[in-house]
1. Using the structure shown, decide if A255 is out of contact with any Gly (no Cβ under 8 Å at 6 or more places or on another chain) and either more than 16 Å from the ligand (Cβ to nearest atom) or among the hydrophobic types (A, V, I, L, M, F, W, C) (or both).
2. Filter the stretch 107-143 for residues that are more than 16 Å from the ligand (Cβ to nearest atom), in a loop (DSSP other than H, G, I, E, B) and closer than 18 Å to R185 by Cβ and give the result.
3. When you scan the stretch 345-367, how many residues do you find that are outside any loop (DSSP other than H, G, I, E, B), surrounded by 20 or more Cβ atoms within 10 Å (Cβ to Cβ) and in contact with a helix residue (DSSP H, G or I) (Cβ under 7 Å, 6 or more places away or on another chain)?
4. Please specify each residue of the stretch 259-284 satisfying the condition of being buried (at least 16 other Cβ atoms within 10 Å of the Cβ) and either on the phi > 0 side of the Ramachandran plot or within 16 Å of the ligand (Cβ to nearest atom) (or both).
5. Cβ-Cβ below 6 Å, separation at least six or inter-chain, first residue in the stretch 83-108 and over 14 Å from L133 (Cα atoms), second basic (K, R): which pairs?
6. Could you list, in sequence order, the residues of the stretch 146-179 that are in a helix (DSSP H, G or I) and either within 16 Å of the ligand (Cβ to nearest atom) or in contact with a Pro (Cβ under 6 Å, 6 or more places away or on another chain) (or both)?
7. Looking for whichever is part of a helix (DSSP H, G or I) and either surrounded by 15 or more Cβ atoms within 10 Å (Cβ to Cβ) or touching a Gly at 6+ places or on another chain (Cβ under 6 Å) (or both) here; the options are E227, E235. Which one fits?
Amino acid sequence: MKSRSFLLLLIISLFVFMLSGCGADNQTSVTPTPEPSTPPTPTPTPEPSPETSDSGSNKPKGPVYEPIGSSLAEAYADYFLIGTIYTPNTLVDPERSLVIEQFNCITPENIMKPESMQPSEGYFAFTLPDAMLKFAEENNIKVIGHTLVWHQQSGRFLGQTSDREKAIEQLRNHITNVVGNYKGRIMAWDVVNEAVKDGAPLPADGDWTKCLRETQWLRSIGPDYIEMAFRFAHEADPDAKLYYNDYNMNDEVKAKVVHAMVKDLRAKGVPIHGIGMQGHYDTNVSIESVEKSIKMFSELGVEVSITELDISVNDASVSKSLTEEQEVRQAIVYAKLFKLFKQYKDNIVRVTFWGTIDSKSWRRDKFPCLFRNDYTPKEAYYAILDPEKYLAEHGVAEE
Ligand code: XIL
């Protein structure tokens, strides 16, 4: 059997050998291809990039960020850090170039929220934040951790128990794992977010615990969850600045509660180093109210940061783009705020915008950002770059 198949193989090989020109070259093809006399000059084919359209033309498919030649981070280098949000989309252009040119710190919009960090109990998802940290470290950008304890985007198990000890263990475990994993790499954490109720005045006896929002953590642990969160975070990274972060902080009623809470906690030795005023304003915001709160919080001896700034155009209509009048009106509010922030540079560590282009903002219907959807800077950008000049040019210098 073996010798028969060997014979068959020999005959086939002989046949192929004869056809291929008696072994003159190593080709096994039956139709020999003549060698070209001169080697062909290779014509370089451009690598298709994500920006190139399918038709093969080099015309960019989507918007491109054209360098402006100025940088907000540089303009404020002597005052405070200038930040924006990070999403995984920040890793690719045009967002990437914009962020690198304009900002020197980032806050993850969603990827570090409790439900993202610990999607199922005991399982921590570090992949997306790891990529953010790598991007930030390669580009000399600082990172803010947002957020550890919140009533939203916190999954179905964290704090969702009537067993107090179990809830404390969950709190400790979440904070220790998340903060500990990035020890030394995150400059500040929003440890507790939005824990104070709206419209609940501080009682005459100063008991701020009566003004806390009904959350899963308040129900399961009681008001102490706040101080525990700060202590766990501090143990996990003693060098990180730890913040209490909230919205409507220019509302006097809420500001007084936060003031009392932070004062009380600090007197008890709780490691709380900063107050974050989110800054989701609209074009009717009272600059005076913002100043009052910055002043009040600064007097506590803590850092103050504007952590999520965006200014909605109150009369914008979602179906139309902004009119020139609306853009300028929004820009003037931004300019007034930045003029104020500059005056408090000794207390303000950072001003972070909650978004870059309007269409990606969580309040996109009100056009609150500094960049248009095609990545060109709006009036607001120039207003912030030099607020005094912008206000003077628009006849509001004396305000
Ligand atoms: C927002 C994000 O921008 C949205 O993408 C998400 O759907 C909801 O949360 N206060 C905060 C931020 O502390 O985390 C919120 O961010 C906006 C309000």
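Throughout, read-outs are computed from the coordinates displayed, never taken from laboratory work. The structure displayed is predicted, hence computed values, not measured ones. Here Cβ is always computed from backbone atoms with ideal geometry, including for glycine, and neighbour counts include all displayed protein chains.
1. Answer is yes for this residue.
2. F124, A125, F126, N139, N140, I141 - these are the residues of the stretch 107-143 that are more than 16 Å from the ligand (Cβ to nearest atom), in a loop (DSSP other than H, G, I, E, B) and closer than 18 Å to R185 by Cβ.
3. Total satisfying the criteria: 3.
4. G274, I275, G276, M277, Q278, G279, H280, Y281, D282
5. Here the result reads G83/R350, each pair linking the stretch 83-108 to a residue that is basic (K, R).
6. V178
7. E227
Yes or no, residue by residue, for (1) within 16 Å of the ligand (Cβ to nearest atom); (2) among the β-branched types (V, I, T):
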residue	(1), (2)
E324	no, no
V328	no, yes
R363	yes, no
F367	yes, no
